[in-house]
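What follows is one structure encoded as structure tokens, with my remarks underneath.
Laboratory data are not the source of any read-out in this text; all were calculated from the coordinates shown. Because the structure is predicted, anything quoted here is derived from the model rather than measured. All Cβ positions, even for glycine, are placed from backbone atoms using ideal geometry, and neighbour counts span all protein chains on display.
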Amino acid sequence: MRGYIQSWSLQEVSVLVNYVITVDVGTTTTKAILFDEEGNVVRTSTCENNISRPETNAAEHYPEELWRNVVKCVKSATRGVGSKVTGLCLSTYMHGLMAMDNRGKVVLNVMTHLDLRAAGMEKLLRDKEREIYERTGCPPIFVYPLIKMLWLRHRRRDLLNRIRYYMFLKDYLIMRLIGKPYVDYGIASGTQLFNINDLKWDDLALEIAEVEEEQLAVPVEGAKELDTIRDHVAKEMGLEKGVILVPGTFDGAAQSIGLAAFETRLALNLGSTAVLRALTKEPILDQDPRMRIFAYYAADGHWAVGGALNNGGSLLRWLRDTIARVEEAVSKMTGESAYDYMMKMASKVPPGSDGLLFFPFLAGERFPFRDPHARGTIIGLKYSHSRHHIFRAALEGIGYLLRVIKEALEENGIKVEEIACGGGGARSKLWLRIISDILKAPLIKCSIDEEASNLGLFCILLRVLDGSRSLKAIARGLCRDLHRIAPCKESSAIYEHYYRIFVKIYEDLRSAFTFMAKQQL
């Protein structure tokens, strides 16, 4: 249903206490959560973000629609206590690019990170890709706004004369809130245009994009009070005058903060994609020429370092809709989730899936193997295997790729003692068990895993409002661990064997993937 809003309360609201509101604008939903002063979730409101596909490989958001969703969600989440809301903090997804003309009219909708039209343009940076990586923390991948700008210059020159300003969604929303465009360091650091060493727009990247600094928003620290929300906007949202705006950060960094993933505790997001991140006190780059990890600014002097898979929960959705039709039918009869039934069947298969390997590259891959030509591949299929082996092998395939990212982080000096999990995939105890055994690291299930991004925004707000406590201390005081999954030595030994085989076979498959791409298959 288009534009739906869901809202629910977890505890009684009171007009005797103050509240803050956090807003997370994701690819598919906008979520606003009202917190009380103690960090308790009071009310949640979500709204669907519709993706437009006006041409092949396009995946756009209409900026005005996203803005309306922000207004609706805030108004719904704060109803009845709008006068007691003191602050708002915001996160959005990364790598979006939009453009406006000199009158402030949108001439390019938000090209999201799902937009594939710029694929291949990253090759234009081949001679400078290491230098750009060391300056911006962004490996040579086509999802970044710099590459999208090159695509516009080479494929959509009809738009260039109309473009006066480039934006990355967060700055557009901030402009609507306070009247001026600013972008936090976190979002800026995911554009491939931002210098991570001096926290300014990078001269070389701007030169490559043929963009002037005046065409971009002013970068600011996301963990500081920026301004107050304009009076008429506050009224539209059901708030009073004087609500402060804290810019926040990008959604992934907010999630890592909400999961208290500091120092040797990492964060794992099992959403549509899968992402493994560490929060560090400085940007850490991969010394390996493969540039297997990113380094983005998080907030308050912390950096988010890690790698993101193209394929995560989206792979399970594909399995459900194609191979698991029987499980889906059973789930409709029993009321049990199709995913839960798939997990139940996968749990009957032993670790290693009896020699079946699933390379989960249905959407190519960006980390840890930068391979847009990679294809989903099943190796080792025999008559003795069932679709349940395929279910488990797919879960294990994601785990093997996360292991490659973990090893890349460790090779660059990041110690991993435990991993806190968030996202919808964290509901599956089996998947967490498999990943723990493959990574040989304890996995932590947290009480607020699916709202971790909003909790991270609350932590940033509290850091601004109460400067006496560090961001790390605030997050650790609010994130409550539910249970810990320790790796099983026997299963880890089995997975160690198959992991080495998985990596070796992938290297052998690369030439086949490239050949298929040349044949336009």
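Quick rundown of the values:
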{"read-out": "Protection proxy ranking, peptides 508-517, 437-446, average beta carbon neighbours within 10 Å, highest first", "value": "437-446, 508-517"}
{"read-out": "Structure-derived Cα extents along the principal axes in Å - corresponding label in (1) 68, 56, 55; (2) 100, 66, 51; (3) 68, 54, 44", "value": "(3)"}
{"read-out": "For segment 5-242: rounded, prolate or oblate by the Cα gyration tensor [a/c cutoff 1.5]", "value": "prolate"}
{"read-out": "Euclidean distance between Cα centres, segment 319-355 to segment 135-185, Å", "value": "42"}
{"read-out": "Kyte-Doolittle mean at least -0.5, axial Cα span of 24 Å or more - DSSP H helices of the chain", "value": "387-411, 489-518"}
{"read-out": "Of the chymotrypsin sites (Phe, Trp or Tyr not before Pro) in segment 354-415, those whose Cβ has at most 10 other Cβ within 10 Å and which sit in DSSP loop", "value": "383"}
{"read-out": "Pairs from 415/445; 105/224; 105/180; 72/445 whose Cα-Cα separation, in the structure shown, is over 23 Å", "value": "105/224; 72/445"}
{"read-out": "Ranked 228, 28, criterion: other C-beta atoms within 10 Å, fewest first", "value": "28, 228"}
{"read-out": "Inter-label distance for residue 373 and residue 325, nm, one decimal - labels placed 7 Å from Cα along Cα-to-Cβ", "value": "3.3"}
{"read-out": "Highest-first arrangement of 71-77, 344-350, where packing means the average Cβ count within 10 Å", "value": "71-77, 344-350"}
{"read-out": "Per-pair calculated FRET efficiency, R0 = 22 Å: residue 415 and residue 473 via Cβ, rounded to 0.05", "value": "0.60"}
{"read-out": "Segment 84-164: C-alpha gyration tensor shape, a/c 1.5 cut-off, then a/b vs b/c", "value": "oblate"}
{"read-out": "Electrostatic dipole magnitude of the chain [Cβ: Lys, Arg +1; Asp, Glu -1; Cα centre; debye, to 20]", "value": "1200"}
{"read-out": "Packing rank of 412-422, 458-468, 240-250, 372-382, where each peptide gets the mean count of other beta carbons within 10 Å, highest leading", "value": "240-250, 458-468, 412-422, 372-382"}
{"read-out": "Residue among 205, 143, 161 farthest towards the positive dipole end of segment 5-242, charges placed on Cβ", "value": "161"}
{"read-out": "Charged-residue dipole, Cβ positions (Lys, Arg, Asp, Glu), segment 290-353 about Cα centre, Debye nearest 20", "value": "240"}
{"read-out": "Order of 482, 319 - criterion: other Cβ atoms within 10 Å of each residue's Cβ, fewest first", "value": "482, 319"}
{"read-out": "Estimated vicinal HN-Hα couplings, Hz - segment 34-42 in sequence order (Karplus 6.51, -1.76, 1.60; Gly, Pro = x)", "value": "8, 10, 8, 5, 8, x, 7, 6, 9"}
